[in-house]
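*Asks:* Right, I'll just put the structure down here and ask away after.
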Amino acid sequence: QVVAEKPVAAPAPLESRVAISSRERVIFPGDGLTKGDLADYYLAVAPILLPWLAGRPVSLVRCPQGRGRACFFQKHDAGSFGEHVHHVDVREKDGSIEPYLHVDDADGIMACVQMGTIEFHGWGSLVADIEKPDRLVFDLDPDEGLDWADVRKAAADLKERLAELGLTSWPMLSGGKGVHVVVPLAPKAEWPEAKSFCERFARALAEAEPDRFTANLKKVHRKGRIFIDYLRNQRGSTAVLPYVVRAREGAPVAAPVGWSELRDIDGPGHFTLRDRAALIERATGRALAGWGLADQTLPEI
Ligand code: ATP
Ligand code: MN
Ligand code: MN
């Protein structure tokens, strides 16, 4: 069984043999945060990040010169990360085979940080069972200027609609502008079925409440609405993983929260790199008990 393997007691701190160079280099200008601060954050949260990161193909947002300067999204292993970062060969649509990255331990995380990584984004499936998603993400993308309260309400409404279909879900602050509604799955159905379910679910919401929601990626459809980005749920797509620092002003963190907490949280960037002690404590606390864990499968709709 894939679920219920998460520690309930506070996990032990981890160590890493990977050396971090240029620890004093400021990579969050304006926040005064350095590469050393980022490395210290990631090593400290490794025990609560790894349950979400390990064994999963990942893409990296690398900013070797710091946030906002020449960042790039890296999907494939160019062979430059050393022994602690692994790859898995994945067949692409065109039939070619590409090496996707995966990171399974603290050394792997630190090797990525050493190479200028700020963000870790994961596939919704595991290397061991790559065609079968173990997690869906409904990424709520509000139009510019929409109130945070509207986003919170939208997330809660998605939770209700999902519950009507027998699916338990949890919210995660993206650290950017929105919320991700995360639905864990036992890896039974394959990607096309999962995508189809997510697309039909998002379209049904948009049709029921066209003033609030759109399921259309095009920005013209977003005016004053929230785009329910169901497209995270297709083979090869990624979503930012829990406890990842965003390469944005203030170094916000993608943070799991409880549904009742969400009602009082002031914004999607509520937690930042500086809150690592609180994030670690929360991870094993009451508000997040069972977060992201459920043994459930796609309903028939
Ligand atoms: P926000 O709340 O600001 O929308 P977000 O992480 O949800 O933050 P999105 O732009 O909605 O950002 O993207 C959702 C996910 O899609 C990201 O977390 C990322 O994994 C993936 N993604 C975004 N941009 C790219 C890109 N250029 N290339 C590949 N994947 C991307
Ligand atoms: Mn988003
Ligand atoms: Mn999106």
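What follows draws every value from the coordinates through simple rules; no lab data is involved. The structure displayed is predicted, hence computed values, not measured ones. Backbone-built Cβ (ideal geometry, glycine too); neighbour counts: all protein chains shown.
*Asks:* Taking segment 23-39, which residues are basic (Lys, Arg) and assigned to a helix (DSSP H, G or I)? Show your work before the answer.
*Replies:* Let us first name the residues in segment 23-39 that are basic (Lys, Arg), namely 23, 25, 35.
Lys35, the sole residue that qualifies.
*Asks:* Considering only residues of segment 203-230 that are touching a Ser or Thr at 6+ places or on another chain (Cβ under 9 Å) and touching a residue at least 40 places away in the same chain (Cβ under 8 Å), which is farthest from ligand 2 (Cβ to nearest atom)?
*Replies:* Taking segment 203-230 first, the residues touching a Ser or Thr at 6+ places or on another chain (Cβ under 9 Å) are 206, 221-223, 225-228.
Checking the rest, the ones that are also touching a residue at least 40 places away in the same chain (Cβ under 8 Å) come to 222-223, 225-228.
Values: Arg222: 12, Lys223: 17, Arg225: 14, Ile226: 10, Phe227: 8, Ile228: 10 Å.
Restricting to residues being touching a Ser or Thr at 6+ places or on another chain (Cβ under 9 Å) and touching a residue at least 40 places away in the same chain (Cβ under 8 Å), the top hit is Lys223.
*Asks:* For segment 66-104, enumerate the residues that are without any contact (Cβ under 8 Å) to a residue 12 or more places away in the chain, closer than 28 Å to Pro29 by Cβ and part of a loop (DSSP other than H, G, I, E, B).
*Replies:* If the condition is that a residue be without any contact (Cβ under 8 Å) to a residue 12 or more places away in the chain, closer than 28 Å to Pro29 by Cβ and part of a loop (DSSP other than H, G, I, E, B), then Arg69, Ala70, Ala78 are the ones that fit.
*Asks:* Within segment 186-301, considering only helices (runs of 4 or more DSSP H) that don't extend past its boundaries, which have at least 3 residues that are in contact with a strand residue (DSSP E or B) (Cβ under 9 Å, 6 or more places away or on another chain) and farther than 26 Å from Pro11 by Cβ?
*Replies:* By residue number, 191-208.
*Asks:* Next question, about the same structure. Just give me the residues in segment 195-247 being under 21 Å from the mean Cα position of the chain (by Cα), within 20 Å of Ala156 (Cα to Cα) and basic (Lys, Arg), in sequence order.
*Replies:* Arg232
*Asks:* Also, quick follow-up: Using the structure shown, decide if Tyr243 is on the phi > 0 side of the Ramachandran plot and either surrounded by 17 or more Cβ atoms within 10 Å (Cβ to Cβ) or aromatic (Phe, Trp, Tyr) (or both).
*Replies:* Taking the combined requirement at face value, the residue satisfies it.
*Asks:* Another one. Within segment 105-117, does at least one residue satisfy the condition of being more than 23 Å from Pro11 (Cβ to Cβ) and either hydroxyl-bearing (Ser, Thr, Tyr) or part of a strand (DSSP E or B) (or both)?
*Replies:* Within segment 105-117, none of the residues are more than 23 Å from Pro11 (Cβ to Cβ) and either hydroxyl-bearing (Ser, Thr, Tyr) or part of a strand (DSSP E or B) (or both).
*Asks:* Can you tell me which residue within segment 160-176, out of those that are assigned to a loop (DSSP other than H, G, I, E, B) and within 16 Å of ligand 3 (Cβ to nearest atom), is nearest to Ala239 (Cα to Cα)? Talk me through it step by step, then tell me what you get.
*Replies:* Narrowing segment 160-176 to residues assigned to a loop (DSSP other than H, G, I, E, B): 165-169, 174-176.
Going one step further and asking which of them are within 16 Å of ligand 3 (Cβ to nearest atom), we end up with 174-176.
Working: Ser174: 9, Gly175: 12, Gly176: 12 Å.
Looking at the filtered set, the residue picked out is Ser174.
*Asks:* Looking at segment 159-176, is at least one residue exposed (fewer than 15 other Cβ atoms within 10 Å of the Cβ) and either within 16 Å of ligand 2 (Cβ to nearest atom) or within 30 Å of His86 (Cα to Cα) (or both)?
*Replies:* no
*Asks:* Right, here's the next one. Scan Arg248, Arg200 and give me the residue that is over 20 Å from Arg56 (Cβ atoms), more than 13 Å from ligand 1 (Cβ to nearest atom) and in contact (Cβ under 8 Å) with a residue 40 or more places away in the chain.
*Replies:* Step by step, each of Arg248, Arg200 is checked, and only Arg200 is over 20 Å from Arg56 (Cβ atoms), more than 13 Å from ligand 1 (Cβ to nearest atom) and in contact (Cβ under 8 Å) with a residue 40 or more places away in the chain.
*Asks:* Take Pro133 and decide whether it is in contact with a Gly (Cβ under 7 Å, 6 or more places away or on another chain), part of a loop (DSSP other than H, G, I, E, B) and within 18 Å of Thr238 (Cβ to Cβ).
*Replies:* It is true that Pro133 is in contact with a Gly (Cβ under 7 Å, 6 or more places away or on another chain), part of a loop (DSSP other than H, G, I, E, B) and within 18 Å of Thr238 (Cβ to Cβ).
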